[in-house]
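Values in this text are rule-based calculations from the coordinates and carry no lab data. Note that the structure is predicted; figures quoted are calculated from it, not measured. Backbone-built Cβ (ideal geometry, glycine too); neighbour counts: all protein chains shown.
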Amino acid sequence: MSAQDQSASNKSSDLDRVAKVIAARKTLKVLGDPADPIAIATEVASVRDAQVLDALRVAGMAPFHYDRAIDSIAEPWRAHVIWNSGCRDVANRLPEWIGAEQSAGKLPAMFAACGAAVLITWLPQFRDQPSAKPEQIDVDDEHLAASSAMVQNLLVLLTAAGMGTYWSSGGVVKQPSVSQQFGIGSNEKLLAVVFVEYPETMSAEIERKPGKHRDSRSDRWIKQVKL
Ligand SMILES: Cc1cc2nc3c(=O)[nH]c(=O)nc-3n(C[C@H](O)[C@H](O)[C@H](O)COP(=O)(O)O)c2cc1C
């Protein structure tokens, strides 16, 4: 095979692999028992936690349009990682953080089942200013768009690592009484709580639910422009 053919063939297998992983990514809501949360063995955690951190670093190669320049960090997103022992703690303490008059929904069950949870926030720049101009709101939209690209990168990379994922909007985690427990600043807006299931717990007999729109897909949103 010529060097040129070899290069073309490598490119097509890269394409196949990336396409396969993107298509394989799917929402899986894994529901554990907050009173008996899943514990990840130390030797498993040492390998899988490192993979999650590696995936985050690569996910951070997402494009971003504007230097957000907070704390000398250019990216408009932040990631707050809670490892399994912390997740078990959250499963237990979330009801207490939000008070008796509110419900945490399925969140305690999801924190009780995950290997890790990654809280991804973005940093609005203008939208909280009453005098924000439309073009400034456009800049904020692009900070959010870039942060969403980073989240999708992370989901795809974790899928490639054999892990289960679920992008949750976060529900009550958005509340300051909860988000401040994780060190999320008041200038950050929660975009995603990514629940990560480690391969070692995938055979556990607990409830797993797919995303509600999984089967509503089509490609009818693709419009080919004819001029
Ligand atoms: C921005 C965003 C927020 C989401 N938040 C939730 C959520 O709070 N609860 C939920 O059940 N699914 C949530 N999802 C996941 C969708 O339900 C899921 O992607 C959809 O049902 C399609 O399923 P699939 O991801 O398996 O293709 C969210 C997805 C996105 C992109």
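Counting neighbouring beta carbons within 10 Å and listing from fewest to most, the residues CYS87, CYS114 come out as CYS87, CYS114. Annotation for region 94-115 versus region 165-227: alpha-carbon center distance of 16 Å. Per-residue ellipticity at 222 nm computed for the chain from its helices equals -13000 deg cm²/dmol, with DSSP H segments shorter than 4 residues left out and the rest contributing -39,500 (n - 2.57). Between the amide H of LEU191 and those of ILE120, THR121, TRP122, distances stay under 5 Å, these residues lying 5 or more places away or on another chain, with hydrogens modeled in the peptide plane.
Considering only LEU15, SER169, MET202, the residue lying farthest towards the positive end of the dipole of the chain is LEU15, judged by Cα position with unit charges set on Cβ. This ranking places ASP49, ASP89 by how few other beta-carbon atoms lie within 10 Å of each, fewest first, which gives ASP89, ASP49. Exposure proxy shown here: for VAL194, VAL156, VAL18, the number of other Cβ atoms within 10 Å sets the order, fewest to most, as VAL18, VAL156, VAL194. Shape descriptor for the chain: Rg over Rh equals 1.01 (Cα atoms; Rh from the Kirkwood inverse mean 1/r). With both residues required to sit in the chain, DSSP beta bridges show an antiparallel share near 95%.
Residues whose amide H comes within less than 5 Å of that of LYS26, counting only those at least five positions distant or on another chain, are THR165 (H built at 1.01 Å from N in the peptide plane). A Cβ-based charge dipole, computed about the Cα centre of region 1-150 with Lys and Arg at +1 and Asp and Glu at -1, lands at about 420 debye. When the Gaussian network model of the chain links Cα atoms closer than 10 Å, the mean-square fluctuations of HIS213, HIS143, HIS80 top out at HIS213.
For the set LYS174/LYS223; LYS20/LYS174; LYS26/LYS133; LYS26/LYS106; LYS29/LYS189, the pairs lying more than 27 angstrom apart at their alpha carbons are LYS174/LYS223; LYS20/LYS174; LYS26/LYS133. Taken one residue at a time, the phi angles of region 96-111 give Karplus couplings (6.51, -1.76, 1.60, θ = phi - 60°) of 5, 5, 9, x, 5, 7, 10, 10, 8, x, 8, 4, x, 5, 6, 5 Hz. Gly and Pro are set to x.
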